[in-house]
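Heads up, the thing below is written out as structure tokens.
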Amino acid sequence: MAKHNDKQQRLVNDAAKSLLANIRFMSIDNPIRLIVVTSTIPNEGKSFVAINLAQAIASSGKTCLIVEADLRKRTLAAAMGIHPEHGIYTVLSGSDLKDVAVATPQRNLYFLDAEPQIPNPPDLLSSRRYVRFLETAVNSFDYVVIDTPSVRRSLQITPTRRFSSCARTSRKRSSSRVRTTSSRRRVPMWQASS
């Protein structure tokens, strides 16, 4: 059984490295450093993709901050086994990002959680402070990976889209696929899914 799990993990790692290579390739002249991961509906595996992509970035020697931005259905802390005391709300309230983001056991990988029961997540994620946070994060880390709510469940990602590319996960029958779309081309989310 352990041999089977090792093989599956290697396949996942290779897929994440391939996704990272594709993101880098599509942005040779103007590197994408902020990556938003979302899905069309809940439970398509976006958090799984976000974590594995962030780990692939960190293993390549680049610093990476993974951010929990699905403020109503937080999953990253449990999936990563890291439960920080403070998170994104603390940063948006004025604390320094470097003091709140926590180092993970993996070298070069940092995590910014979201506190539970944040009031009015859409207002928070469309605020000027959130935009300033994104600018600070991109200037502080080589890459920033943001795990957002599914598009169908919430349209909270609008300000994030200004700065990022989007890796959208979707399932078609039993297979999975990931598609990246550079927001620099100003492709609306609903057009990226075609």
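Quick note: the coordinates plus some simple rules give every number you see, no bench work behind them. Worth saying up front: this structure is predicted, and the values here are computed from it rather than measured. For neighbour counting, all protein chains shown are included, and Cβ atoms are generated from backbone atoms with ideal geometry for every residue, glycine included.
Using the average count of surrounding beta-carbon atoms within 10 Å as a protection proxy, the listed peptides 70-83, 27-40 rank, highest first, as 27-40, 70-83.
Between region 10-79 and region 113-140, the alpha-carbon centres lie 18 Å apart.
Taken along its three principal axes, the alpha carbon spread of region 25-86 comes to 36, 28, 17 Å, from the longest extent down to the shortest.
Considering just Cα atoms, how many Å³ per residue does the convex hull of region 1-130 enclose? Display every interim value, and only then the final one.
Values: hull volume 18.4 nm³, N = 130.
Per-residue hull volume (Cα only) is 142 Å³.
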